[in-house]
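The values are calculated or read from the model by the stated rules, or taken from the named source; none is laboratory data. Quick caveat, the model's predicted, so the values are computed rather than measured. Surface areas here come from the heavy atoms of the whole protein model, side chains and all, with no ligands, DNA or RNA. Shrake-Rupley method; radii C 1.70, N 1.55, O 1.52, S 1.80 Å.
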Amino acid sequence: GLALVAIPACIAGLGFTAGGIAAGSIAAKMMSAAAIANGGGVAAGSTVAVLQSIGAAGFSLGAKIGLTTGLGSLGAAAGASLP
């Protein structure tokens, strides 16, 4: 559950926000590098595009279910290995 809050907060901290990419942020530098590498635009499905999507709208329902399932199983396995 913590990851569903912490990951979007970290993404926002990088500069991927609901209002767009924050000027002067790490996200702005990433976007600039991606645009230069792609001849002036950011490719759909690229890391920058996906992070901006999460920053703008949060995780999709499918991503929330996947993270909850995967991280819940990992937590259960870690807990089971404790004496």
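What does the extension gain come out to for CYS10 and ALA37, with contour length at 0.36 nm per residue minus their alpha carbon separation?
Stretched fully, the CYS10-ALA37 segment lengthens by 7.2 nm.
Could you give each residue of the range 32-46 its phi-based ³J(HN,Hα) in whole Hz, using Karplus coefficients 6.51, -1.76, 1.60 with θ = phi - 60°, and x for Gly or Pro?
Computed from phi, the couplings for the range 32-46 are 4, 5, 5, 5, 5, 5, 9, x, x, x, 9, 5, 4, x, 6 Hz.
With a 1.4 Å probe and all protein chains left in place, how much accessible area per residue does the range 1-51 have, in Å²?
Per-residue accessible area for the range 1-51 comes out at 58 Å².
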